[in-house]
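A short worksheet on the structure shown next.
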Amino acid sequence: MRTFRAFIDLPSKLETALIDLPLPRWDLDGAFLAKPTMERYRVELMATPQFEETIATLRHALTGEGGGYAVLRLGNLAKALGAGDDRFRRLATAFAAEVAIPFSPFPRWPLWKDIGVKVNKDPGKSSGVGYNAFHMDLVNVTRPPEYTSLLCVRTDPLGGGPSILSDAHAAVARLSEKSRALLAETAYHYGTFFDLNEVGEEYGPFPILDGSESGEGFVRFTAKMLERSELGQAQADAAGELAEELVRGQVSFMLQPGDYLIVNQRRFLHGREALHSGQETIPAPDRRLLLQLFLRARAGDGSAS
Ligand SMILES: O=C(O)CCC(=O)C(=O)O
Ligand SMILES: [Fe+2]
C-alpha cells in the first residue's frame, strides 16, 4: 500500500505567484547548477505563498517512510507559460534545486536532456517507441545520481506510454534468501561508459544489492541487462525474478503536460510502457517529449547516505 502522497498539486495562490516570478537565466558551475543561481531562485520562491509547505510535501514524498517518487503537477504553469518556454523550465529547475543539486552528466546536454521519440532507435531504450523496462538511470557508474527527473512537455498524441514505478527494496524483500545472495554477487554488467561528468567511474561488473541491510542502498538494476546478457544461469534467474517482482509491485500513470516526475533512485526504479503503435505517422515535432534532469543529493542530506 502506498501511504505517501505522490501527486502534488500546487495551491492556486502559489500558482498565480509563480507565473509572474522573475527567475533569471541560470548559470552553471562545471556540470552543476551554480550556487548563486540556486540561492537567487530560492529567495524568489520563498517569497511566494505556501511554497514552504509544498516543498515539505515534495521532500516527504521522496524521502519519507514508504516514499520514493513524486509528481509535481505544474500543468497550469505549463499552460500559462508554454511547456517549452524557458520561464517554465526555470521554474521546474528551481523546484528541483529544492530537492537536490541539478547537474548534467552529459557534456553535450546543458542541464536538461530531451527525450523525444525516434522510430528507428532500439525500441527498448530511451526515446525508443517500445516498452522501456524497469531500470535506474546510469546504473553502471560508481556514483549514480540520487534522483532522476522527467518533465512532461507533450504526451503521446496516440495515447500510449504510461510511466511505471516500483519500490525496489519492497521487490527485493519478496525474493528468496538464495536469490538475494545471488543478487549481491559482483557479477552484473550493463552498457557502456564514456565521457560522463560527476558520476564517478565505470562500474562493471557490479552487485545489484550492495549488501547494506538498511534498505537505503541503490538496487543497482536494469531489466535491460537480461537481454543478450552473458550472466551465469543462476544470476540471470535471480535477476529475472527481481524483474518480475518489480512488475508485480508497479504503479502506472500517464504523465500530463507540465507534470514533473522526480524519482529517488535509492528507493524506486522506473520505466515506461510502450508508446502507441503508429508513431511513424506523427510528425516528429508533435511526438511525445520529456525533458530529463539528474540531481545530486547535497552532502549531509539524509537521503545521500
Ligand atoms: O520515456 C520515459 O517515460 C522514460 C524514459 C527513461 O526512463 C529514460 O530515458 O531513462
Ligand atoms: Fe530512465
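Values quoted throughout were computed directly from the atomic coordinates according to the rules given, and no laboratory measurement underlies them. Owing to the predicted nature of the structure, the values given are computational and were not obtained by experimental measurement. For neighbour counting, all protein chains shown are included, and Cβ atoms are generated from backbone atoms with ideal geometry for every residue, glycine included.
Taking 0.36 nm per residue of sequence separation and removing the Cα-Cα distance, the SER277/ASP195 pair yields an extension gain of 26.1 nm. Across every pair of non-identical alpha carbons in the chain, the mean reciprocal distance, once inverted, gives a Kirkwood radius of 19.9 Å.
Quick one: putting +1 on the C-beta of Lys and Arg, -1 on the C-beta of Asp and Glu, what dipole do you get for the chain around its Cα centre, in Debye to the nearest 20? Let's see the in-between values first.
Working: 34 positive and 39 negative charges, 118 e Å.
Dipole magnitude for the chain comes out near 560 debye.
Taking 7 Å steps out from each Cα toward its Cβ at ALA284 and GLU65 produces label points 5.1 nm apart. Once backbone amide H atoms are built at 1.01 Å from N, TYR147 has GLN265, LEU295, ALA297 as its partners under 5 Å, excluding neighbours fewer than 5 places away on the same chain. Extent along the principal axes, Cα only, for region 87-175: 43, 33, 24 Å, with the longest axis given first. Rg and Dmax of region 47-206, both derived from C-alpha coordinates alone, stand at 18.0, 54 Å. Compared with the dominant Cα axis of the chain, that is its longest principal axis, helix 35-46 is turned about 60°. Here the simple spin-label model places points 7 Å from the Cα toward Cβ, and for LYS121 and GLU244 these points are separated by 3.1 nm. The Cα center of region 81-152 and the Cα center of region 232-298 differ in position by 11 Å.
Sequence-distant contacts, meaning Cα pairs under 8 Å at least 6 residues apart, place the relative contact order of region 168-305 at 25 percent.
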